[in-house]
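Chemist: Sharing a structure, written as structure tokens. Questions coming.
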Amino acid sequence: MGDLTQENVRSLPLVSIITVVYNNVQYIKDSIQSVLSQDYARLEYIVIDGGSNDGTVEIIEEYRDYISVFISEPDKGLYDALNKGIKNATGDVIGILHSDDLFCNENVVSATIQRMLDTGSEICFSDLV
């Protein structure tokens, strides 16, 4: 997105990335690190945990300072958890990265937002690799 001044950063859309998780101690750390490695300047990160009891919460807590919203409580499944995340999101754009998924590189969000801005798109989706 080029050289960004503080004023330019404030003009970028805020992107809320939501990760929902339940008992996924094996992959949650990689998913969190994938979000935190993004080079996009205006990210809000929301993690919704369904009340994990396998060590997942402890890993999430290691990154608590970098997570905007963290809720850990029982829910009624994936879509209930996603809706909690959406209700807590304040971004102009909402993205979802599941707890066992990764962005393929550090500029996925910035490239996606730039493409959305260039084309006037209001929605986008991607395939999985």
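The values are calculated or read from the model by the stated rules, or taken from the named source; none is laboratory data. None of the values given here were measured: they were computed from a predicted structure. Reconstructed Cβ throughout: ideal geometry from the backbone, glycine too, with neighbour counts over all protein chains shown. Ligands, DNA and RNA are excluded from the accessible area calculation, which covers all protein heavy atoms including side chains. Shrake-Rupley method; radii C 1.70, N 1.55, O 1.52, S 1.80 Å.
Chemist: In the range 11-20, which residue that is open to solvent by 10 Å² or more (accessible area, probe 1.4 Å) and touching a residue at least 12 places away in the same chain (Cβ under 8 Å) is nearest to I94 (Cα to Cα)?
Modeler: L14
Chemist: D92: more than 15 Å from G50 (Cα to Cα), modelled with pLDDT under 95 and open to solvent by 60 Å² or more (accessible area, probe 1.4 Å), yes or no?
Modeler: no
Per-residue answers, yes or no, for (1) of a type outside the set (A, V, I, L, M); (2) outside any loop (DSSP other than H, G, I, E, B); (3) touching a strand residue (DSSP E or B) at 6+ places or on another chain (Cβ under 7 Å):
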site	(1), (2), (3)
V9	no, yes, no
I18	no, yes, yes
N23	yes, no, no
S31	yes, yes, yes
D80	yes, yes, no
I86	no, yes, yes
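Chemist: A further question follows. Would you check which residues across the range 112-126 are open to solvent by less than 100 Å² (accessible area, probe 1.4 Å) and either among the β-branched types (V, I, T) or touching a Cys at 6+ places or on another chain (Cβ under 9 Å) (or both) and list them?
Modeler: Within the range 112-126, T112, I113, M116, T119 qualify.
Chemist: Turning to a different aspect of this structure: Can you tell me which residue is nearest to the chain's Cα centre (by Cα) among those in the range 95-111 that are open to solvent by 30 Å² or more (accessible area, probe 1.4 Å) and under 23 Å from T56 (Cβ atoms)?
Modeler: Ranking the candidates gives I96 first.
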